[in-house]
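The values are calculated or read from the model by the stated rules, or taken from the named source; none is laboratory data. Keep in mind it's a predicted model, so treat the numbers as computed, not measured. All Cβ positions, even for glycine, are placed from backbone atoms using ideal geometry, and neighbour counts span all protein chains on display. SASA here: full protein model, heavy atoms, side chains in, ligands and nucleic acids out. Shrake-Rupley method; radii C 1.70, N 1.55, O 1.52, S 1.80 Å.
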Amino acid sequence: MSRVLLINPPKKMPLLDWTMRYPPLGLMSIAAVLDGHEVEILDMKAEKTRRKELPRRLGSVDIVGITVLTPSFDSALEICRIAGECGALTVLGGVHPTLMPQVVAYPEVDIVVRGEGELTFREIADGRPLGSIPGISYVSGSTVVHNPDRPHVDLNTLPPPRRDLVAGNKKKYKAFNQTLGALSTARGCPYRCSFCCVPKVWKGYRELSPIEVVSEIKRMDRTEIVSIVDDNFCQDMGRVEAICDLIIRERLDDRLYSVFSRVDSIVQHPEVVAKMAQANMRVVFIGIEAATQASLDRMNKKTRIEEIYRACQILEENGILIWAGNIVGNLDDTYGDVEALIGMNMELPIDISDFTVITPWPGTDLYQFAIENNLIDELDFTEYCECEPHMHTPNLSRIEIMELEIKAYMKFYGFRAMVMRARRWSGNPRKRWLVERDYKGFRSFWKFRNKSAFYFWRTYKEMVGKTEATKIRKYSPLVSTPVLYSIGAGILAAFITLLLTAAASRYYGQYPYHRLEFIVVDLLFASLLVASITAIVATWFAIRSYRRGWIFSVRPRRPARRKWSLSKESLRNGVLFSAAAFVVTSILVFIYVIGGFSSQLTYGMKEALVTVIAFLASCIASYVSIHAVRNGGITRTAS
């Protein structure tokens, strides 16, 4: 008998893990087949286990199994290192090791399980020779050995997941502050979207029978939400209808069910969608992905734009919450295409939208294409996340993709959009359940919205730092948009100028008694001096402020016609604004003299004139400079 500890690493995915915390269903399924072995599950996402406590937990086990997603690979390696020091056998499984089994070459890793892990892990725990176990990779001497893949298992022959091993955390598994249970009824997907790794992981599509599905629902603890985590639950709509009939017959429709579906399945079977609503499958996630047919075809989505509109109409008519998935920055998308995608989400009756940036996950066709065409700018799996761009496309830079993602969330979850959405819910009798439901979910969503805003603020600053090769301080401020920053800069410049001219007034006590020629020259010189200095200083500060992530903008970028250094741009603006100030002051003085108002050329007028010049010069120079640096018109110099 082996003592086995199965671990879900602690690293959280931004946005996703803030809204939903799932129980580790894969580990629970593996634990179910380990009869005769002592098994525990450590969910480090739910339990606050400090790393310094790990040696105590790992010191008494023989085998440590870790499920690994790409972003959690660094956390998994650290756990493997500690486990190895404690003398335990380390086994990695899950999506990332399946797609990149070469990670077994890391000295911390003993075995990699590829694909389904139930039978494979059981044979490892039983102590079978590694060479006889299908579906694993390991190191023999100095050679990495990849055993043949394991044949697919009949899902109906597997025992139910060991939910009792995570029962102590059941109150921590939530979706928008509602208790959450997870259920898997199928594995794989028959489609091959270029951005998706599911076909490479599961290699086919298999289902549980409707009777087995409902039996598992009965075995689950009662939760407010049951999330059916199949990547394509609605692939077989005949099976879906049978499941719904059983749920209604067994009176299991007293809880809310969420599922994932393709839009074409909904369009082809609207009568089954109505049955889903009766069974309280009230949340359906659909993949919109793009707003142009060319982009959908490029990613091999095999759906039509008109199917997206029709699917949303069917779901709305049945009172089902529509949760849409979108990809920002598809390979052929332009800036306008992404804006059209945002507009589509605003136009359709979508209730929740995810806007994830294009991400080349290992093992996908997109990953291979991006590698071959040098589109990946940051190949660091520890930083991988669907909310932060790691590649550019032929039409969009990384910073543009980041800005478009933020723009999408700002528009879709803006206050006006949320009010209009709530009015739509109230006006649809079939969807009024959203408004009448427990408000703790809405409070949780509002907290998520605010937390996401701070996350995007930090991420945007970091992306500006990477783009501009600038070190961003962790707590550096975010001043505002270019317009508000420029206005603030203008007010500050005007205030300082007014203070200085007022302080110098005692030297000009007899200003009205000077000769007209002196007053004219003094006014022209003052306007030249103030305009040039203000423009130079404002330009320098505006560019430096942007490069430190203090200024946020989602306006479209346009390639600069020419590039200047920071010093040349500052001097150029100084010359241009001083020339403009000289011309405007000359015209003003000419009008006063010709009109016979030369007696009104007082020191007070001089104060007003230079203050206005300082405001305009600083305001305009800041705004122009910010857009120049955003558009790539300011070259980098060593700083």
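Given the convex hull over the Cα atoms of segment 1-147, what projected area results after averaging over all orientations, in nm²?
For segment 1-147, averaging the hull's shadow over all directions gives 8.2 nm².
Kindly report the accessible area of the chain per residue (heavy atoms of protein chains, probe 1.4 Å, no ligands, DNA or RNA), in Å².
Each residue of the chain exposes 45 Å² on average to a 1.4 Å probe.
Past 28 Å, Cα to Cα, is the threshold; run Lys52/Lys170; Lys471/Lys563; Lys200/Lys407 against it and keep the listed order.
Too far apart for the 28 Å limit: Lys200/Lys407.
Net charge near Glu400: determine it from the other residues with C-beta under 15 Å of the C-beta of Glu400, scoring Lys and Arg +1 and Asp and Glu -1.
Summing Lys and Arg as +1 and Asp and Glu as -1 gives -2.
State the percentage of accessible surface on segment 332-427 attributable to carbon and sulfur atoms; use a 1.4 Å probe and exclude ligands, DNA and RNA.
The nonpolar share, carbon plus sulfur, comes to 52 percent.
Take the eigenvalues of the Cα gyration tensor for segment 203-360, scale each by 5, and report the square roots as semi-axes in whole Å, largest first.
30, 16, 14
Could you give log10 I(q)/I(0) at q = 0.12, 0.26 Å⁻¹ for segment 272-333, computed by the Debye formula over C-alpha point scatterers of equal weight, without solvent?
At q = 0.12, 0.26 Å⁻¹ the computed log10 ratios are -0.34, -1.03.
Could you give the spread of the C-alpha atoms of segment 267-382 along their three principal axes, from largest to smallest, in whole angstroms?
49, 29, 22
Output ³J(HN,Hα) for segment 153-169: one whole-Hz value per residue in order, computed from phi by the Karplus curve 6.51 cos²θ - 1.76 cosθ + 1.60 with θ = phi - 60°, and x for Gly and Pro.
9, 6, 4, 6, 8, 7, x, x, x, 7, 6, 5, 6, 10, 4, x, 10
Using a probe of 1.4 angstrom, how much of the accessible area of segment 266-319 is carbon and sulfur, in percent?
49 percent
Compute the acute angle (0 to 90°) between the alpha-carbon long axis of helix 566-594 and the principal axis of greatest extent of the alpha-carbon atoms of the chain; round to the nearest 10°.
40 degrees
How much of the calculated P(r) for segment 516-603 lies past 16 Å, in percent of all Cα pairs?
So the portion of pairs separated by more than 16 Å is 65 percent.
What list of ³J(HN,Hα) values in whole Hz, one per residue of segment 386-403 in order, does the Karplus curve 6.51 cos²θ - 1.76 cosθ + 1.60 (θ = phi - 60°) give from phi, with Gly and Pro shown as x?
Using θ = phi - 60°, the values come out as 6, 9, 10, x, 10, 9, 10, 10, x, 10, 9, 7, 4, 5, 5, 5, 4, 5 Hz.
Just want to confirm a number: the relative contact order over the chain, from Cα pairs under 8 angstrom separated by 6+ residues, in percent.
10 percent
Lone cysteines in the chain, going by a 4.7 Å Cβ-Cβ cut-off?
Among the cysteines of the chain, those whose Cβ sits 4.7 Å or more from every other are Cys80, Cys86, Cys189, Cys197, Cys234, Cys244, Cys312, Cys385, Cys387, Cys619.
Could you derive backbone 3J(HN,Hα) for segment 174-183 from the dihedral phi with the Karplus parameters 6.51, -1.76 and 1.60 (θ = phi - 60°), listing whole Hz in sequence and x where the residue is Gly or Pro?
9, 10, 6, 6, 10, 4, 10, x, 10, 9
Please report the relative contact order for segment 167-218, taking Cα pairs under 8 Å with a sequence separation of at least 6, and give it as a percent rounded to a whole number.
This gives 29 percent for segment 167-218.
Given segment 224-285 reduced to its alpha-carbon atoms as identical point scatterers, what log10 I(q)/I(0) does the Debye formula return at q = 0.12 Å⁻¹?
-0.24
According to the square roots a ≥ b ≥ c of the eigenvalues of the Cα gyration tensor, what is the shape class of segment 163-263, taking rounded for a/c under 1.5, prolate for a/b larger than b/c otherwise, and oblate for the remainder?
oblate
Using only the alpha-carbon atoms, what does the chain span along each of its principal axes? Please give whole angstrom values in decreasing order.
Extents along the principal axes, in whole Å: 107, 63, 42.
Sorting check: for 480-487, 181-188, which peptide has the highest mean count of neighbouring beta carbons within 10 Å, and how do the rest follow?
Answer by packing, highest mean first, reads 181-188, 480-487.
If the cut-off is a Cα-Cα distance under 29 Å, which lysines reach Lys203, setting aside same-chain residues fewer than 8 apart in sequence?
Within reach: Lys11, Lys12, Lys45, Lys301, Lys302.
Based on C-alpha coordinates, I'd like the Rg and Dmax of segment 144-198, in Å.
In Å, with Rg to one decimal and Dmax whole: 16.7, 45.
Given a cut-off of under 8 Å on Cα pairs at least six residues apart, what relative contact order in percent is computed for segment 78-151?
Rounded, it is 25 percent for segment 78-151.
So which lysines can Lys275 reach, going by Cα to Cα under 18 Å and dropping same-chain residues fewer than 8 places off?
Those lysines meeting the cut-off are Lys431.
How large, in Å, is segment 327-413 by the Kirkwood hydrodynamic radius built from its alpha-carbon pairs?
For segment 327-413, inverting the mean 1/r across all distinct Cα pairs yields 13.3 Å.
Ignoring ligands, DNA and RNA, what percent of the 1.4 Å accessible area of segment 158-263 is carbon and sulfur?
C and S fraction of accessible area: 52 percent.
Can you pull out the trypsin sites (Lys or Arg not before Pro) in segment 14-91 that DSSP calls coil and that have at most 16 other Cβ atoms within 10 Å?
Listed in order of number, the matching sites are Lys48, Arg50.
Could you tell me whether segment 1-54 comes out rounded, prolate or oblate from its Cα gyration tensor? Rule is a ≥ b ≥ c as square roots of the eigenvalues, rounded for a/c under 1.5, then prolate if a/b exceeds b/c, otherwise oblate.
oblate
Using amide H atoms built in the peptide plane, which far-off residues or other-chain residues are under 5 Å from Gly115 H to H?
Gly94, Thr98
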